[in-house]
Each structure stands twice: as C-alpha cells, then as structure tokens.
Ligand code: G3P
Ligand code: CA
C-alpha cells in the first residue's frame, strides 16, 4: 500500500512538473511551406520547445523530411518519395524556394536548441533514424533528451525502442481505441498522441494515472488549445506555434 502511494505520488510529480508543450507541427506550417528548413526556423523563432516532422527513407538510402508518400501535394515533383534518389529529390521546389530537407539538415539547423519529434512515416525508417540519433549523440554532443520518436505504426515504435531505448517514444492514434494503454505498453512507449476531437477528461485522467503523457493533434485555434489544456492535456501539435504568444 505504501509503495503504491509512493508510485502514484511520483507519477503525479513527474506529470505536473512537466510544462504544457506547444509543438510546431511540420515546423510552423500555418505560415511557411511544411517540413522545410524555413518552416522549422520560423517555429524556433516563435519560441517553441519542440518541433515535429515526418521522415521517409528515399531510394538512395537518405532520410528525407516530407509528410506524404508522394511528391505532388507539397512539391513540383511527381511520384513516390521512396522510389526516387536524393539526387532527384534535392532540387525540387517545396514552396517559397525551399527544398525537401534531409533529416540531418534539420538537426544541424536545430543544433540542440530544442527537442525534435521525428515521426516515422515511411517504411523501414526506425533503423536509420536510430542510427542517426546515436551518431549525433556520439559525435555531435547531442543528448537523447533532444529527441522524441513517434508513429502511427506501433510496431515501428517498438522496433525503434529496441534500437534506441534512451529516446522517449509516442504512439499516434486516429481515435481512442479501447485498450489503448496495452498498445502503449506493448510499444514500450511513453506518450499517446491523439486526434483532439476524440479526447475526453476521463481518457486523459486514465492515461495520467498510468504515467502516460497525452498530446493532441492538430490544434490550430487558441480557444480549442485552452479547452484541451483545461482537460489536462500535456501539449498540442499546432500549425501556428505563436498561438499563445
Ligand atoms: O504526430 C501528430 C501528427 O503529426 C500526426 O498526423 O498526418 O500530421 O502526420 P500527421
Ligand atoms: Ca506528422
């Protein structure tokens, strides 16, 4: 009984000592072309402590930062990212003269100033992402605390955790599945990342009682952000990182 009380208290202290996080979704993509260096720079200038981005492995093996599996929506290219080499991707126009960045270019831009949430979007990204993080920690004085890794693919989250257990991870849900806590546990994850419409106070309290932090995507207005904050959410992904400025 005493041990249980200590566990509950320590979880509460950990949860409540963490600040509410405003996370720059694809950078500051309400203002700048998503997932570009310009967008990440803008989010950092707005004062965020964390940015989010989406990663694929292209045909020549590099990790590239783009949301869709295909190029058409966000660039002037055609076809699947995974079918094309870095040489054919790197000159494409991603808006306002920006290009698709390598994940390493985003890391170099951020240069340890904030946390990067890398979403494993493409297939087989967990190993190269783990390798890149280990390399930046070993050779460039980064900390594992500078990273969070997440995915809708919960097997990829668990696989990543096995390769890089030092980094905190999150499983992304499109809704609130019954048994979500089992999924978080099986993926060995720390966070649940949920579509905001499906979140309730009951769900958030339940997650907190289990030591799971909850983040909502994609929250683009201040009233909604405040409502979720009042429900007890730990942070939001937003296209407008200056929401509270
Ligand atoms: O991780 C939150 C959010 O980025 C997930 O959705 O489609 O924007 O990658 P999406
Ligand atoms: Ca994403």
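FYI, it's all coordinate maths here, none of it is from the lab. If you're wondering where the values come from, they're calculated on a predicted model, not measured in any experiment. Glycine gets a Cβ as well: all are built from the backbone with ideal geometry, and neighbour counts include every protein chain shown.
A few remarks follow.
- Restricting 225, 207 to those that are more than 16 Å from ligand 2 (Cβ to nearest atom), part of a helix (DSSP H, G or I) and over 19 Å from residue 50 (Cα atoms) reduces the list to 207.
- Residue 157 falls short on exactly one of the conditions (1) closer than 25 Å to residue 128 by Cβ; (2) in a loop (DSSP other than H, G, I, E, B), and that condition is (2).
- A residue that is surrounded by 15 or more Cβ atoms within 10 Å (Cβ to Cβ), within 16 Å of ligand 2 (Cβ to nearest atom) and in a loop (DSSP other than H, G, I, E, B) occurs nowhere in the range 76-91.
- Residue 214 farther than 27 Å from residue 32 by Cα and within 16 Å of ligand 1 (Cβ to nearest atom): no
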